[in-house]
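Each remark here refers to the structure printed beneath this line.
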Amino acid sequence: MVWFDIRELVMKDMKLPGIKSPEDGKSANTGNKKQSDGFFSDIWNDMKGFAGNVGNFGKTLVDGVKDIAKGVKDFAESLTNYMVGSKIWETGAERTKREATDVLAKARAQMLIDFTGDKRSETNQKLANIKAFGAKYGVDVDFIEAEVRQMQDDYDEKQKNREIDARAEQFATGIDSSNPLAYQQVLGREFAEKYQDQDNVYVDTTKPLFTDHHDYLQNTGVFDDWLNVNLDNDSTQYLDHVDYGFEYNYGVEKHKYDSQRYLDHIDAGLDYDYVNKIYKIADDVVGDNDVKRGHDGTQNTWCNRAFDRMLSYAGVNRNMILMDGDVRYKSIHGDSSVLQYTRANDMVDLAHLAAQDPSSGLRLISAEQAQYYANKGFPVMAGYRNYNLVDDYQNKTGSDRYRSGHVALVIPDNGSYDPNRGPRIAQAGWRNYNTKANAYVNKGFGGSWKKKKVEFYLFER
Amino acid sequence: MVLIGMVSFIAMCQQVKKIEVSEWKNGFAFDKDKNPLFFDDEHNESVNGFSWDEKDRIVTNGIINGVHLFFTKNELEVENSKAKNPTLMDSSIKLRYKIENNIGYVSKDGKKWEPLKVSNYNETGKKDHEGYPIIYVNFDCSFFRGKYQLVFGF
């Protein structure tokens, strides 16, 4: 059909030169023939003329077809340009990139909606996903990361200020104008930096920083170092040490729990990844058969073993609260090997000593701070040193023996702090309490908590 | 009519009669005859809980209900454990607890109260491996009952 249309177009409408139609072939020949030399000569001339005409016709026809093909091509290009220009058509690459961009835009929007600031690891994971997706489809996503990082920084700054304000409010309620700079003596650097130019801020110098107990420690110098350490700001020390794991501390073995280090979550708040990890450790350890009272046929309890194991699984260096024999034993047999020498009383004694050395990494804190820092991702020990002697032990053995003390791990709690019950704990002992038990210090430590004999130690690193 | 009134009056007097506390020991109030009246955690600084005597424990569907008791001022937590690991708390119920007229009462909802009977406070004279005295006491209410050992250790 195309051929006939083209031929008709060529023969009738375009009137190309040198092409005769069948109807007027004679008149067309008349103009081309040479002077006649005779009948055959005329025939020969007519044949040559005809052949020439056919050749001309073929050539013209090919040129016409070429012109039409070019026209079609130009038309297709024009159409493509129009469709592309009108955004009706796009290339596969463009479409992929556009749709990837759309997906990322939605992801960005959702991320900004979901952003809470306290779920740092979740935010990091989302950003990692976005960056991987962007890289795959050639879409620039750096601005998204910059935007989210800025939001995180803003959140952290606000959070820090909120905490400072909370502490300021807690201690600035009592006014003692006789010593306007007293706050620097009790509150630490963050507070001092914020309020150093505010002459109208006072605190009651008679109100102790640690309100619950430890009167006997107030003059030991334990708290002096507190003023010189800014825990939250020391990001190089506490943040992003994801790969520390177990090897960092001991280089001995790799444990199933060490994919993320306990202290990586220093700013995580009640980040659920972190909470779930610590809860799993607590539940696993507290449920272990060898920390069950009576498992060995005695009535011994195993709080020290469970506490040590929980810290081991969390990758925490705790050599400062272990007897030398256990430090050596663990260096040979692995960090998670069971204690051989260190009892709960020993742990509290050693913690007490270590806390007086700022370089030890251990710090004495209050009960409320214990919950605060446990929620922040710090390992915290609750400990009771029992100074009561086992009756008749002296008579029987010729030496004294103290009754067992008690230790437990302070675990994150999303409820408000209740000073009557103290921080939330996981423990082994007479009763074993995992996270399901929702037990607090008042339950695990009983009378010693009431008598304000329970101490709390923060593992800084 | 007068007789009925007098009987009612006497009955009311007997009902509100308050037995006086003559002694406190390990959080328990005792009358002059050394019978335990009730447990008050406000008077307790040494007992960390009560564990059902192992010899008397009843296992129902693999669970020991009421295996351990923990008192606070206004609450009594009754802990349950699986028989295969009686040291590990598996679940618990929290009862409200109050003391009126020197009687301890428990309630699940704070509306319907029942007395928590205390009896047979028994200082055996023996000591455990830590040197703590071994003492038993009986508790009895609709939520739990049995012979419980006072827990002094951890």
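Summarise the partner chain shielding of B:33-46 as one whole number: the mean count of Cβ atoms from other chains within 10 Å of each residue's Cβ.
Numbers: counts 0, 0, 0, 0, 0, 0, 0, 0, 4, 1, 0, 3, 5, 5.
Averaged over the peptide's residues, the number is 1.
Per-peptide packing, taken as the mean over residues of other Cβ atoms within 10 Å, places A:360-369, B:126-135 in the sequence A:360-369, B:126-135 from highest down.
Which entries of A:LYS66/A:LYS87; B:LYS25/B:LYS127; B:LYS55/B:LYS126; A:LYS126/A:LYS376; A:LYS292/B:LYS55; A:LYS376/A:LYS453 show an alpha-carbon separation above 28 angstrom in the structure shown?
Checking Cα-Cα distances, A:LYS66/A:LYS87 exceed 28 Å.
For chain B, what does -39500 (n - 2.57) per DSSP helix run (n ≥ 4), summed and divided by total residues, give at 222 nm, in deg cm²/dmol to the nearest 500?
Working: 1 runs with 14 residues, N = 154.
The helix contribution divided over chain B gives -3000 deg cm²/dmol.
Counting every pair of alpha carbons in chain B, the share spaced more than 25 Å apart comes to 35 percent. Take the alpha-carbon centre of region A:65-139, take the same for region A:336-383, and report the distance between them in whole Å. Between the Cα centres of region A:65-139 and region A:336-383 lies a distance of 55 Å.
Starting from region B:47-91, pick out the trypsin sites (Lys or Arg not before Pro) whose DSSP state is loop and whose Cβ has at most 14 other Cβ atoms within 10 Å.
Values: sites: B:LYS55, B:ARG57, B:LYS73, B:LYS82, B:LYS84; in loops: B:ARG57, B:LYS73, B:LYS84.
Within region B:47-91, the qualifying trypsin sites (Lys or Arg not before Pro) (loop, at most 14 other Cβ atoms within 10 Å) are B:LYS73, B:LYS84.
Other chains near A:436-446: what is the mean number of their Cβ atoms within 10 Å of each residue's Cβ? Could you put the intermediate results ahead of the total?
Numbers: counts 5, 7, 3, 5, 0, 0, 4, 7, 3, 2, 12.
Across A:436-446, the average partner-chain Cβ count within 10 Å equals 4.
Residues A:ARG431, A:ARG149 ordered from highest to lowest accessible area at a 1.4 Å probe: A:ARG149, A:ARG431. By definition, a body whose alpha carbon gyration tensor gives a ≥ b ≥ c is oblate when a/c is 1.5 or more and a/b is not larger than b/c, and region A:344-386 fits this oblate description. Under the criterion of Cα pairs below 8 Å and six or more residues apart, the relative contact order for chain B equals 19 percent.
Among the residues of B:59-70, the average count of other protein chain beta-carbon atoms within 10 Å of the residue beta-carbon is 1. Look at where the Cα atoms of region B:92-152 and of region B:27-91 average out, and the two centres are 6 Å apart.
Let me make sure I get this right: for region B:65-154, a, b and c are the square roots of the gyration tensor eigenvalues over alpha carbons, sorted descending. Under 1.5 in a/c it's rounded, otherwise prolate if a/b > b/c, else oblate. Which is it? The shape class here is oblate.
The B and A chains share an interface that buries close to 2700 Å² of accessible area, total over both sides, probe 1.4 Å.
The values are calculated or read from the model by the stated rules, or taken from the named source; none is laboratory data. If you're wondering where the values come from, they're calculated on a predicted model, not measured in any experiment. A quick note on method: Cβ atoms are made from the backbone with ideal geometry, for glycine too, and the neighbour counts reach across all protein chains shown. Surface areas here come from the heavy atoms of the whole protein model, side chains and all, with no ligands, DNA or RNA. Shrake-Rupley method; radii C 1.70, N 1.55, O 1.52, S 1.80 Å.
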